[in-house]
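The values are calculated or read from the model by the stated rules, or taken from the named source; none is laboratory data. Since the structure is predicted, the reported quantities are computational estimates derived from the model, not experimental observations. All Cβ positions, even for glycine, are placed from backbone atoms using ideal geometry, and neighbour counts span all protein chains on display.
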Number of protein chains: 2
Amino acid sequence: MKQIYEQFKKEINAYKYALWLMGWDDETEAPKASKAYRTEQLEVLYTLVYKLEMDEKRLAAIDQLAKENLTGPFKREIELEKKGIDQLRKIPQAEYIAYQVLISKSSQIWAEAKKNSDFEAFLPTLEEIIVFQKKLIKYLETDTLKGYDVLLDMYEENMGIKEYDEFFKVLNEKLVPFVLKTAKVKQKFPSVLLKGSFNIEKQKQFNHRLADILSYDLKKGVIKESVHPFTSGVVSVDTRVTTAYREDLIDAAIFSTIHEMGHGIYEQQVNPEFDGSILSGGVSMGIHESQSRLFENMIGRSKAFWDTYYPALQQIFAKELKKVTAEQFHLYVNRVKRDFIRIEADELTYSLHIMIRYEIEKALFNGKLQPKDLPKTWNKLYKKYLGLTVKNDAFGVLQDIHWSIGSFGYFPTYALGSAYAAQIYDVMNQEIDVEQCIKNNDIRKINRWLREHIHQYGKLKTPKEIILNATNKPFDPNYYVDYLVKKYTTIFKAYEVN
Amino acid sequence: MKQIYEQFKKEINAYKYALWLMGWDDETEAPKASKAYRTEQLEVLYTLVYKLEMDEKRLAAIDQLAKENLTGPFKREIELEKKGIDQLRKIPQAEYIAYQVLISKSSQIWAEAKKNSDFEAFLPTLEEIIVFQKKLIKYLETDTLKGYDVLLDMYEENMGIKEYDEFFKVLNEKLVPFVLKTAKVKQKFPSVLLKGSFNIEKQKQFNHRLADILSYDLKKGVIKESVHPFTSGVVSVDTRVTTAYREDLIDAAIFSTIHEMGHGIYEQQVNPEFDGSILSGGVSMGIHESQSRLFENMIGRSKAFWDTYYPALQQIFAKELKKVTAEQFHLYVNRVKRDFIRIEADELTYSLHIMIRYEIEKALFNGKLQPKDLPKTWNKLYKKYLGLTVKNDAFGVLQDIHWSIGSFGYFPTYALGSAYAAQIYDVMNQEIDVEQCIKNNDIRKINRWLREHIHQYGKLKTPKEIILNATNKPFDPNYYVDYLVKKYTTIFKAYEVN
């Protein structure tokens, strides 16, 4: 049985590597006119790999292996495979394929609608997607998993409405008041940072140093550009990241690069023995995001980081940054602005954007909200939590790609990841002096800690086990809120002093 | 039958696109440490596509279709497929696979041997490859195709020893004396060109203009960097080129880019209806090389080209090129130097490097030369034709990758391509004024002519038919030699005048 399973695995892996690369290429460099041809080839290969994955011999082998008395990583591997095929078996194949076809076209419809800020143009497609998602829920419901929880669990095992409600309640009670209270703080930045222009070739010089600073391994990775930064990997030895430069923002590419490298370092540090099995790669979206956020915010936006690396940046932008101090730069990269766009949000208000999306998704799937009413609800919540009046849907409900590709249940993991990160940082900082590591240009010591306590496991442990294992406690959102309040109290105080 | 054939074609195409992309990625950006994993996946996919290609149902469909009374492009498509499977069927599968395994490792052994200039380290592998090539010849021989001709025909239909002997005889009789006679010409160049340093970012500025100048379509193509420049494409809508920059040579990247774009423009202009069939892409190595050489040498190294575009280059390298005139630059890019390395050879002596390789291959396959004696023979021929004493094998017999990947019979097409180009240029220039097109910044007019007379056909016509169709004459090497003699007589005269 194991032999049959392994033979299928070998072939499926080959397809998946090819499909992964075609996706990476599509988003980074493939010529525009080749899109249609490539999409045809992708469809053929997806069909072939689906056939393999659902081959009766393979399914029987997994069913059989799942009953055996397995141990070690292979036990977990088969558990995950079994969970996957049990889910797939519940979805009628024709519906699944029809949905894939829908999804393959919907993001272009969304992009067009967003460009024209025309929600009505996207609505019929979105409704179709939601109809399928609701059917999907019905197919996959179990005794313990119902409704929207089915979707939430796909992105983060064991996190459902109950858990997220508790999480967001803490944010609502402790973070929202802080954000509102500090909204009046007058932040001031050197005007060159606000109105400057920063040569992209020079930005690249600094950005390419980041791989070295963070120990993102270029023998196992690539840094490239794409419209939206992302990380893409299939095995520990091939994990690639992209970044996006903006001439008007000196720090946009820096933090998107650090963020993506955080994802990349996670995948690079998974036990290489898991390469080619379901155990490789990050365990969940939440844990993944915890690593990118830890690097981006807790390391990259720390005072220690800019005390250490600002001189290098200053040297590259000698003219522009001549009169800007490391302190000023540190405050600048931690600027807070309640604004419309999630992906441009600062660390303090980011999770409020997520809270809004979570509330909306919950309402969509418990029937309290109809898709056609999305813009109204969206705009109401942005008023309520961020005090903002959304001017048009491009800056509102149409801003994110996620729903257009059927990713419902995904958003909450973004906030969860930041919260995980705070809890992980807290315990890591008790064992190694993180600030000192940064100051010593020894971030690899941080990476080693993360590898030992989190990264190496890949999907061997559940997210819940990972957090318990790394922090000796179950997940507790208070770490996150306490961290934010403490950090931003200090930051806002700096403005009073100056 | 057609339906069965088309269904296989659809799947095979999908594999081929994926395999092509994996190869492109491997040579351009894939991280080093991922090589082994990727190679495994490639092997699995190659095995799967081989199985599909040799599926009895597919073979039977092609056999049947080949007997039917087909017309139009589909007739030629089936002829080519039939020829392909008939050849594959003659090679025992186990041997074929063993050879693929050998080939997948041999280029690394060659690269290592080249690095150390250690022919002995490569010899056993090379011998194995030649043994297989000889077996291959035996398997594929027909009544009309024997010995080395079998290999030659693989790269250029209808070109065998008889035809190449005639071709190289003309070179030997008319070109070699000219090269020897003009060896004493004293060429002089501005020292900044010989000893300058040319910022690569600035080089890129000019190089990226080349796509526009030549009408290489970036909606259907990509320009990237790799160690050795190459063109890689599977369909007209996805044809990618690479270039390689050298800080010490201002023109290295320019001409490698123009050369590869010549290949790329050819593939981009094939009838898009052939995308996804065997008819897409260039018809042969010789015709392909004729297009890259035509762009590189006859357009890119022309006086008209530098009269027109030198000011743009001069503007980018304002300091370096301040005192260099367009005339001087034109002479510089046409400098002649009898040297050891084929890929760095100038237009005048290039085909002599090929003649040497052709003589060697011929002798290897008619038994007059043993692999172990290759260095001796190589060095003797470089003395004879180029008057050079080869110092070590890295600069001698180990310089080219081709034999290490079993590409015997390929080299002659490089010289043939240049010769085709001269004949094509001659007739094209009678129909449109090529120099005027260049001066008017209207190279797309040249591209249109090439599309109409050559490119659009893809593999629909044989190389022989292409030449006859485009030039109204069979291939005649005198065009090439006459062109070279005329061009370099003018160029060498310029040194006398100055």
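Quickly run through the stretch B:346-381 and pick out the residues that are within 18 Å of B:PHE168 (Cα to Cα) and touching an Asp or Glu at 6+ places or on another chain (Cβ under 7 Å).
Within the stretch B:346-381, B:LEU381 is the sole residue that qualifies.
When you scan the stretch B:350-388, how many residues do you find that are of a type in the set (Val, Ile, Thr), surrounded by fewer than 19 Cβ atoms within 10 Å (Cβ to Cβ) and touching a residue at least 60 places away in the same chain (Cβ under 8 Å)? Spell out the reasoning first.
At the first step, the residues of the stretch B:350-388 found to be of a type in the set (Val, Ile, Thr) are B:354, B:356, B:360, B:377.
With surrounded by fewer than 19 Cβ atoms within 10 Å (Cβ to Cβ) added as a condition, the list becomes B:377.
Next, from what is left, pick out any that are touching a residue at least 60 places away in the same chain (Cβ under 8 Å): none.
Summing the residues that are of a type in the set (Val, Ile, Thr), surrounded by fewer than 19 Cβ atoms within 10 Å (Cβ to Cβ) and touching a residue at least 60 places away in the same chain (Cβ under 8 Å) in the stretch B:350-388 gives 0.
Of the conditions (1) assigned by TED's automatic domain parsing to the domain that holds A:ALA394; (2) at pLDDT 95 or above; (3) surrounded by fewer than 18 Cβ atoms within 10 Å (Cβ to Cβ); (4) not in a loop (DSSP other than H, G, I, E, B), A:PRO177 clears all except one; give me its number.
Condition not satisfied by A:PRO177: (2).
Which ones in the stretch A:221-232 are within 18 Å of A:GLY458 (Cβ to Cβ) and either in the same structural domain as A:TRP20 (by TED's automatic domain parsing) or in contact with a His (Cβ under 8 Å, 6 or more places away or on another chain) (or both)? Spell out the reasoning first.
Here is the first cut: in the stretch A:221-232, the residues within 18 Å of A:GLY458 (Cβ to Cβ) are A:221, A:231-232.
Matches in the stretch A:221-232: A:THR231 only.
Go through the stretch A:53-84 and count every residue that is more than 25 Å from the chain's Cα centre (by Cα) and either surrounded by fewer than 17 Cβ atoms within 10 Å (Cβ to Cβ) or among the aromatic types (Phe, Trp, Tyr) (or both). Lay out the reasoning, then the answer.
Quick first cut of the stretch A:53-84, residues more than 25 Å from the chain's Cα centre (by Cα) only: A:53-75, A:78, A:82.
Pick out the ones that are also either surrounded by fewer than 17 Cβ atoms within 10 Å (Cβ to Cβ) or among the aromatic types (Phe, Trp, Tyr) (or both) and you get A:54-57, A:60, A:63-64, A:66-72, A:74-75, A:82.
Qualifying residue count for the region: 17.
Considering the stretch A:461-484 alone, what residues qualify as being of a type in the set (A, V, I, L, M, F, W, C) and either surrounded by fewer than 20 Cβ atoms within 10 Å (Cβ to Cβ) or touching a helix residue (DSSP H, G or I) at 6+ places or on another chain (Cβ under 6 Å) (or both)? I'd like the intermediate steps shown before the answer.
From the stretch A:461-484, those of a type in the set (A, V, I, L, M, F, W, C) are A:466-468, A:470, A:475, A:481, A:484; that's our starting set.
Within the stretch A:461-484, A:ILE466, A:LEU468, A:ALA470, A:PHE475, A:VAL481 meet the criteria.
Considering only the stretch B:111-130, I want to know if a residue exists there that is at pLDDT 95 or above, in a loop (DSSP other than H, G, I, E, B) and not polar (S, T, N, Q).
Checked the stretch B:111-130: at least one residue is at pLDDT 95 or above, in a loop (DSSP other than H, G, I, E, B) and not polar (S, T, N, Q).
For A:ASN392, only one of the following conditions fails: (1) touching a residue at least 40 places away in the same chain (Cβ under 8 Å); (2) within 22 Å of the chain's Cα centre (by Cα). What is its number?
(2)
Taking the criterion of being under 14 Å from B:SER277 (Cβ atoms) and in contact with a Phe, Trp or Tyr (Cβ under 8 Å, 6 or more places away or on another chain), would at least one residue in the stretch B:26-38 satisfy it? Before you say what the answer is, go through the steps one by one.
If we filter the stretch B:26-38 for residues that are under 14 Å from B:SER277 (Cβ atoms), which is where we start, we get none.
No; the residues of the stretch B:26-38 include none that is under 14 Å from B:SER277 (Cβ atoms) and in contact with a Phe, Trp or Tyr (Cβ under 8 Å, 6 or more places away or on another chain).
Looking only at residues in the stretch B:232-260 that are part of a loop (DSSP other than H, G, I, E, B) and in contact with a Gly (Cβ under 8 Å, 6 or more places away or on another chain), which one is nearest to the other protein chains (Cβ to nearest Cβ)? Steps first, answer last, please.
Filtering the stretch B:232-260 down to residues part of a loop (DSSP other than H, G, I, E, B) leaves B:236-237, B:244-251.
Going one step further and asking which of them are in contact with a Gly (Cβ under 8 Å, 6 or more places away or on another chain), we end up with B:248, B:250.
Numbers: B:ASP248: 21, B:ILE250: 20 Å.
Among them, the one singled out is B:ILE250.
Scan (1) within 15 Å of B:GLN291 (Cα to Cα); (2) of a type outside the set (A, V, I, L, M, F, W, C); (3) part of a helix (DSSP H, G or I) for the single condition B:TYR488 breaks and write down its number.
Going through the list (1) within 15 Å of B:GLN291 (Cα to Cα); (2) of a type outside the set (A, V, I, L, M, F, W, C); (3) part of a helix (DSSP H, G or I), B:TYR488 breaks only (1).
Please go through the stretch B:237-253 and give me each residue that is in contact (Cβ under 8 Å) with a residue 40 or more places away in the chain and either in the same structural domain as B:GLY23 (by TED's automatic domain parsing) or within 18 Å of the chain's Cα centre (by Cα) (or both), ordered by number.
Matches in the stretch B:237-253: B:ARG240, B:THR242, B:ALA253.
Restricting to helices (runs of 4 or more DSSP H) lying wholly in the stretch B:1-97: which have 2 or more residues that are within 14 Å of another protein chain (Cβ to nearest Cβ)?
Values: elements: B:2-28, B:35-53, B:56-67, B:72-90.
Answer list for the stretch B:1-97: B:2-28, B:35-53.
Please indicate, with yes or no, whether at least one residue in the stretch B:8-26 is more than 30 Å from B:LYS224 (Cβ to Cβ) and out of contact with any Cys (no Cβ under 6 Å at 6 or more places or on another chain). Before you say what the answer is, go through the steps one by one.
Within the stretch B:8-26, the first condition is being more than 30 Å from B:LYS224 (Cβ to Cβ), and the residues that meet it are B:8.
When the remaining residues are screened for being out of contact with any Cys (no Cβ under 6 Å at 6 or more places or on another chain), the result is B:8.
Checked the stretch B:8-26: at least one residue is more than 30 Å from B:LYS224 (Cβ to Cβ) and out of contact with any Cys (no Cβ under 6 Å at 6 or more places or on another chain).
With respect to the numbered conditions (1) without any contact (Cβ under 8 Å) to a residue 12 or more places away in the chain; (2) under 30 Å from B:THR377 (Cα atoms), which one is the sole condition not fulfilled by B:ASP442?
B:ASP442 satisfies all of (1) without any contact (Cβ under 8 Å) to a residue 12 or more places away in the chain; (2) under 30 Å from B:THR377 (Cα atoms) except (2).
From A:PRO229, A:PRO190, which residue is over 22 Å from the mean Cα position of the chain (by Cα), surrounded by 14 or more Cβ atoms within 10 Å (Cβ to Cβ) and more than 12 Å from chain B (Cβ to nearest Cβ)? Walk me through it before giving the result.
Numbers: A:PRO229 fails: over 22 Å from the mean Cα position of the chain (by Cα).
The conditions single out A:PRO190.
Looking only at the stretch B:113-147, count how many residues are of a type in the set (Asp, Glu) and in contact with a helix residue (DSSP H, G or I) (Cβ under 7 Å, 6 or more places away or on another chain). Full working, then the answer.
Residues of the stretch B:113-147 that are of a type in the set (Asp, Glu), as a first pass: B:118, B:120, B:127-128, B:141, B:143.
Keeping just the survivors that are in contact with a helix residue (DSSP H, G or I) (Cβ under 7 Å, 6 or more places away or on another chain) gives B:127-128, B:141.
Total satisfying the criteria: 3.
Report yes if some residue within the stretch A:97-106 is farther than 19 Å from A:GLY406 by Cα, surrounded by 14 or more Cβ atoms within 10 Å (Cβ to Cβ) and in contact (Cβ under 8 Å) with a residue 40 or more places away in the chain; otherwise report no.
The first filter runs over the stretch A:97-106 and keeps only residues farther than 19 Å from A:GLY406 by Cα, leaving none.
The answer is no; no qualifying residue exists.
Return the residue satisfying two criteria in turn: it lies in the stretch A:285-317 and is over 27 Å from A:LYS487 (Cα atoms) and in contact (Cβ under 8 Å) with a residue 12 or more places away in the chain, and of such residues it is nearest to the other protein chains (Cβ to nearest Cβ).
Top of the filtered list is A:ILE316.
Filter the stretch A:266-282 down to the residues that are away from chain B (no Cβ under 14 Å) and crowded, with 24+ Cβ neighbours inside 10 Å and list them by number.
Within the stretch A:266-282, A:TYR266, A:GLY282 meet the criteria.
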